[in-house]
Protein chains: 2
Amino acid sequence: MNSIDKPGEKRHHDPEKARLRCRQVLDAAAECFGRSGFHGASMAEISKAAGMSAGHIYNYFDGKDAIIIAFVEENVQRVSAMLRDLESQADPLQTMLDDVPRSVRDDLARAKWILPLEITAEASRNPKIADVVHDADRRTRAQFCAILKAGREQHGLPVDDAVLEGRMNAIITMFQGLPVRATHNPDLDPEPLIASFQLALRTLLFS
Amino acid sequence: MNSIDKPGEKRHHDPEKARLRCRQVLDAAAECFGRSGFHGASMAEISKAAGMSAGHIYNYFDGKDAIIIAFVEENVQRVSAMLRDLESQADPLQTMLDDVPRSVRDDLARAKWILPLEITAEASRNPKIADVVHDADRRTRAQFCAILKAGREQHGLPVDDAVLEGRMNAIITMFQGLPVRATHNPDLDPEPLIASFQLALRTLLFS
């Protein structure tokens with residue numbers, strides 16, 4: 001038993017300590033889901049990897065669904081911060097285009113694949129996870145759509161709803177496809193893919 | 001026990017009957033993987049859904065890995081037939097572009113998501129499945145690349161290796177992203193997405 005894990009220990013009242021315990025569980029769960037899949041990983045396996053008793057983990061998460069929901073929320077917050085940063089730029093659409101080399105490389109990195117793939121597979125069959133994923137996507141789309149609309153107005157381009165929705169979903173589809181592509185073709189050369197992504201993205205953003 | 005499933009029954013010597021038994025197992029497995037995930041579905045569950053004893057199934061597939069490998073091979077054959085058909089057209093690149101409404105709708109259909117998502121998630125963590133998926137992708141890319149090269153030559157466009165590889169991987173990424181997009185945003189309107197896909201694909205094929 002880990003020294004930080006005392007029998008009967010309850011959820012920390014200190015929010016910073018509670019946050020650290022949550023982090024500890026999430027890191028362990030990411031490792032276990034990556035190794036055994038969401039269904040294959042047991043709470044016992046996660047508890048062992050976290051160095052915390054299953055009972056202690058249940059003070060923070062009432063099961064694997066709650067853990068995967070925390071990953072979805074974490075990702076929304078990450079993407080939201082990225083979009084707020086983009087929004088603060090002088091020319092957000094051009095910045096998005098200039099940022100393609102970094103964002104493509106980032107999405108191709110192996111460490112980034114596993115959890116999104118696992119969450120998507122689980123959302124395709126678990127209605128509770130599906131609801132959370134749909135809500136997360138709705139919030140991200142609202143933020144992205146506002147940036148796309150303002151950016152296209154800035155460049156004097158059409159901003160009707162159907163155009164915005166189509167362009168936005170196409171762009172997200174391209175980036176969401178990257179972990180799938182990298183899983184199927186792990187040796188792909190990022191350079192020509194980046195050039196092609198920039199070509200397609202330029203058309204989707206600026207035409 | 002199902003009437004077709006006699007104790008100790010061996011693999012059929014009649015290839016057509018063996019093919020039918022394999023199909024029966026694959027359909028049952030697709031249903032079980034879709035409901036419980038690859039790791040969640042047991043051979044017992046698959047055997048029950050197929051109406052065959054587990055022992056009888058093992059005459060055809062030596063476990064869940066062998067079943068998922070059969071799905072991968074089935075998909076390669078499906079895509080290969082589609083690409084051969086494309087190759088036989090007078091203008092394959094234009095045909096690919098004209099075919100976007102059908103192919104996008106097809107990839108967005110719920111029944112089509114589950115297995116590819118499950119296979120990709122499993123390939124991200126199971127080296128045996130990963131090897132099979134990489135080999136399948138290599139064969140499909142070789143076939144697709146030849147069509148892209150001939151098509152671009154037909155239109156007098158550059159065909160150097162890096163351009164071909166980048167365009168091809170970008171196009172496959174877009175289509176592989178569709179089941180992911182549909183899982184996250186199941187209510188998306190296909191029409192504007194199709195228009196955006198055509199716009200991006202036209203640039204990737206013809207510039």
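Worth a mention:
- All positions within region A:9-46 that are of a type in the set (Gly, Ala, Ser), assigned to a helix (DSSP H, G or I) and in contact (Cβ under 8 Å) with a residue 12 or more places away in the chain: A:Ala18, A:Ala28, A:Ala29, A:Ala30, A:Gly34, A:Gly37
- Spans of helices (runs of 4 or more DSSP H) in region A:106-195 with at least 3 residues under 30 Å from B:Arg138 (Cβ atoms), at the interface with chain B (Cβ under 9 Å from one of its Cβ atoms) and not aliphatic (A, V, I, L, M): A:110-123, A:161-184
- Criterion applied to A:Asp98, A:Asp135 was being of a type in the set (Asp, Glu), assigned by TED's automatic domain parsing to the domain that holds A:Val159, over 30 Å from B:His39 (Cα atoms) and surrounded by fewer than 17 Cβ atoms within 10 Å (Cβ to Cβ), and the one residue passing it is A:Asp98.
- Residue in region A:144-155 that is under 16 Å from the mean Cα position of the chain (by Cα) and closer than 30 Å to A:Asp65 by Cα present: yes
- Near pairs, Cβ below 9 angstrom, 6+ apart or cross-chain, from region A:181-201 (within 21 Å of A:Arg167 (Cβ to Cβ)) to any residue that is hydrophobic (A, V, I, L, M, F, W, C) and part of a loop (DSSP other than H, G, I, E, B): A:Arg181/A:Leu188
- Unique residue being in contact with an Asp or Glu (Cβ under 8 Å, 6 or more places away or on another chain) and crowded, with 23+ Cβ neighbours inside 10 Å when the list is A:Ala121, A:Ala170, A:Ala200, A:Ala162: A:Ala121
- Residues in region A:47-70 that are touching a residue at least 40 places away in the same chain (Cβ under 8 Å) and within 14 Å of chain B (Cβ to nearest Cβ): A:Asp65, A:Ile68.
- Search result, residues across region B:196-205 that are under 23 Å from B:Thr140 (Cα atoms) and facing another protein chain (nearest Cβ under 7 Å): B:Phe197, B:Ala200, B:Thr203, B:Leu204
The values are calculated or read from the model by the stated rules, or taken from the named source; none is laboratory data. Everything quoted here is computed from the prediction, not taken from an experiment. Don't worry about glycine lacking a Cβ; one is built from the backbone with ideal geometry, like all the others, and counts go over all protein chains shown.
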